[in-house]
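Enquirer: Could you have a look at this structure, given as structure tokens, before my questions?
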Amino acid sequence: MNDAYPLRPFRINDPGLLQKVIRQWPLATLISGEIGSACISLIPLLVKDHPSGDMHLCGHLDINNEHANAIQAGAPISFQFTGPDVYVSPDLYASRQLPGWLYVSVKGDGTIESIMDTGELKNLLHESTTAFGGTQQDFHLDPGDERIDRFIGGIKGFTIKVNRISGIAKLAQDKGIEDARIATRFLLGTTDGSAKELLDLLLGETLQDNA
């Protein structure tokens, strides 16, 4: 991370909070290849702790996706998770401020490996439906579901070993505690409300780390 950017008040330093952001907003932008011919895809990813202590991200995609050919053992890849965002007018704040944009994001890079074992891939599909469906949905994909066998040959599973990761929670922390809280409530209003606890944690952590 550049020491001058992002500004220190916006930085997410807690690894646990970085994982919470990923779990809350799991749709990632994956980028690999050279400038001018890069592969860019939107893929939901699961975050997992590896026995080695490293963070791993797991997902799957259609074999016709251009990224399928880019998934080679040890190939470098970059990723970004983007949470809610909103433009804020100075009219919103309690004090005299300038306009700005609020957002939450996590980015990083790592190396990618294909999931070759069919059983492991089936388990990943099961874990994905459970994680992404949340508590509001009753459906859970059984790894033994015979329907999986009909399409599993058309998808490719992969794991990313994370080498570097950083996060930004731009919640107007540089404008003072009162205006930061006003801004965070405004940002929450653009969501379904499920991220309230996480946004409060992000605001509290960044304010505390930079007090």
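Enquirer: Here are H126, H67: which of them is touching a Lys or Arg at 6+ places or on another chain (Cβ under 9 Å), at negative phi and not hydrophobic (A, V, I, L, M, F, W, C)?
Expert: H67
Enquirer: So which of H56, H60 ends up being at pLDDT 95 or above, assigned to a strand (DSSP E or B), more than 13 Å from the chain's Cα centre (by Cα) and surrounded by 17 or more Cβ atoms within 10 Å (Cβ to Cβ)?
Expert: Numbers: H56 fails: more than 13 Å from the chain's Cα centre (by Cα).
That would be H60, the only listed residue that is at pLDDT 95 or above, assigned to a strand (DSSP E or B), more than 13 Å from the chain's Cα centre (by Cα) and surrounded by 17 or more Cβ atoms within 10 Å (Cβ to Cβ).
Enquirer: Scan the stretch 87-96 and give yes if some residue there is in contact with a Lys or Arg (Cβ under 9 Å, 6 or more places away or on another chain) and surrounded by 15 or more Cβ atoms within 10 Å (Cβ to Cβ), otherwise no.
Expert: Among the residues of the stretch 87-96, at least one is in contact with a Lys or Arg (Cβ under 9 Å, 6 or more places away or on another chain) and surrounded by 15 or more Cβ atoms within 10 Å (Cβ to Cβ), which makes the answer yes.
Enquirer: While we're looking at this one, here's another question. Out of the stretch 107-136, which residues are more than 21 Å from the chain's Cα centre (by Cα) and assigned to a loop (DSSP other than H, G, I, E, B)?
Expert: M116, D117
Enquirer: Could you go through the stretch 138-161 and let me know if any residue there is within 15 Å of L61 (Cβ to Cβ), among the polar types (S, T, N, Q) and either touching a Gly at 6+ places or on another chain (Cβ under 9 Å) or surrounded by fewer than 17 Cβ atoms within 10 Å (Cβ to Cβ) (or both).
Expert: Yes.
Enquirer: State yes or no: is E113 closer than 25 Å to F79 by Cα, touching a Leu at 6+ places or on another chain (Cβ under 9 Å) and acidic (D, E)? Don't jump to the end; show me each part of the working.
Expert: Details: closer than 25 Å to F79 by Cα: yes; touching a Leu at 6+ places or on another chain (Cβ under 9 Å): no; acidic (D, E): yes.
When the stated conditions are applied, E113 does not pass them.
Enquirer: Among the residues of the stretch 133-184, what is the count of those that are over 30 Å from D54 (Cα atoms), touching a helix residue (DSSP H, G or I) at 6+ places or on another chain (Cβ under 8 Å) and acidic (D, E)?
Expert: 1
Enquirer: Are any of the residues in the stretch 80-88 assigned to a loop (DSSP other than H, G, I, E, B), free of Cβ contacts under 8 Å to residues at least 40 places away in the same chain and more than 14 Å from the chain's Cα centre (by Cα)?
Expert: Within the stretch 80-88 (the criterion being assigned to a loop (DSSP other than H, G, I, E, B), free of Cβ contacts under 8 Å to residues at least 40 places away in the same chain and more than 14 Å from the chain's Cα centre (by Cα)), the answer is no, since none of the residues qualifies.
Enquirer: Of all the residues that make up the stretch 1-46, how many are in contact with a strand residue (DSSP E or B) (Cβ under 6 Å, 6 or more places away or on another chain), in contact (Cβ under 8 Å) with a residue 40 or more places away in the chain and assigned to a loop (DSSP other than H, G, I, E, B)?
Expert: Residues meeting the conditions: 5.
Enquirer: Hey, another quick one. I want to confirm something. Restricting to the stretch 131-167 and keeping residues that are under 27 Å from I12 (Cα atoms) and among the aromatic types (F, W, Y), which single residue is modelled with the lowest pLDDT?
Expert: Per the criteria, the residue is F132.
The values are calculated or read from the model by the stated rules, or taken from the named source; none is laboratory data. Predicted, not measured: the structure shown is a model, and the values here were computed from it. In this analysis, Cβ positions are derived from the backbone assuming ideal geometry, glycine residues included, and neighbour counts consider all displayed protein chains.
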